Amino acid sequence: MSDTILIAHILIALLLQVPVAALCQDTEPEEKMARPVAPFVVAGGCPFECCGYGKWLIESSARMRANPTVASPITATIPRSTRVTADSGFVRLTRLGRVTFRAPYRFRTSSQEFSRGDTILVLDYVGEGAYNAWARGKSMQVEEYWSANPRDTNSARLLAAPRSEWWSHLTWKSGGRERQGWLYMHGNVKVWGADGCGTPLPPDTAHVHVSR
């Protein structure tokens, strides 16, 4: 920083009555994130590599609900081979994961360093062995470097595994009219088109039949 710019910062600081250092920073201060608590919603979350919303094809029957909760009544069942539009979705963490460190470790994905006794909160899975996480008042992405087995020699131990629900909001046509609803994306639900790294969905004009 030149002497002229430094003098200008000092003059502005005196006028505004703020510390000089606050005006001399080259980067903006890091944004803090409040400690997350369950249930924790990741808006727009899509829990695997290349996951995305858009045009989908139902490969298994899908029971739609009025609201994104398993207690919500089922309003419709979408049959196989039905084309839908997944316009939005989210991941709800019903339990946050917790990892403690038994030795110093530096994550490759975020370059964050942790010492023995430190703890991080593990949030949603993002694919390729990586998770979003929280520690020290900020969010970060970390690779899965921990073990639930206390006998393992890993420097990080999983104290509690995260639990989550994935919900997608779908729009489709039935009986000549447009319908909407929420789909709980549990293990028995199969859709074509959510995986952007997979086989592309055929054009809307093509008839696709999904066998049992």
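The values are calculated or read from the model by the stated rules, or taken from the named source; none is laboratory data. It should be emphasised that the depicted structure is a prediction, and the values quoted were computed from it without experimental measurement. Quick reminder, even Gly has a Cβ in these numbers, built from the backbone with ideal geometry, and neighbours come from all protein chains shown.
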Any chance segment 109-122 includes a residue that's touching a residue at least 60 places away in the same chain (Cβ under 8 Å) and surrounded by fewer than 20 Cβ atoms within 10 Å (Cβ to Cβ)?
no
Does segment 201-211 contain at least one residue that is under 18 Å from Val84 (Cα atoms) and touching an Asp or Glu at 6+ places or on another chain (Cβ under 8 Å)?
yes
Flagged in segment 96-115 as touching a Ser or Thr at 6+ places or on another chain (Cβ under 8 Å) and of a type in the set (Lys, Arg), in numbering order, are Arg98, Arg102
Filter segment 44-60 down to the residues that are charged (D, E, K, R) and part of a loop (DSSP other than H, G, I, E, B), then identify the one that is modelled with the lowest pLDDT.
Glu49
Any hit, segment 176-186, residues being within 12 Å of Ile120 (Cβ to Cβ) and of a type outside the set (Val, Ile, Thr):
no
In segment 64-77, residue farthest from Lys138 (Cα to Cα) [restricted to those that are in contact with a Ser or Thr (Cβ under 9 Å, 6 or more places away or on another chain), in contact (Cβ under 8 Å) with a residue 24 or more places away in the chain and in a strand (DSSP E or B)]
Ala76
What residue, of Val41, Val122, is modelled with pLDDT of 95 or more and touching a Pro at 6+ places or on another chain (Cβ under 6 Å)?
Val122
Select the strands (runs of 3 or more DSSP E) contained entirely in segment 78-176, then report the ones holding at least 3 residues which are of a type in the set (A, V, I, L, M, F, W, C).
83-95, 119-127, 130-135, 156-160, 163-174
Taking the criterion of being small (Gly, Ala, Ser) and closer than 30 Å to Lys190 by Cβ, would at least one residue in segment 93-105 satisfy it?
yes
Quick one: in segment 132-181, of everything that is crowded, with 18+ Cβ neighbours inside 10 Å and among the hydroxyl-bearing types (Ser, Thr, Tyr), which residue is farthest from Leu93 (Cα to Cα)?
Ser168
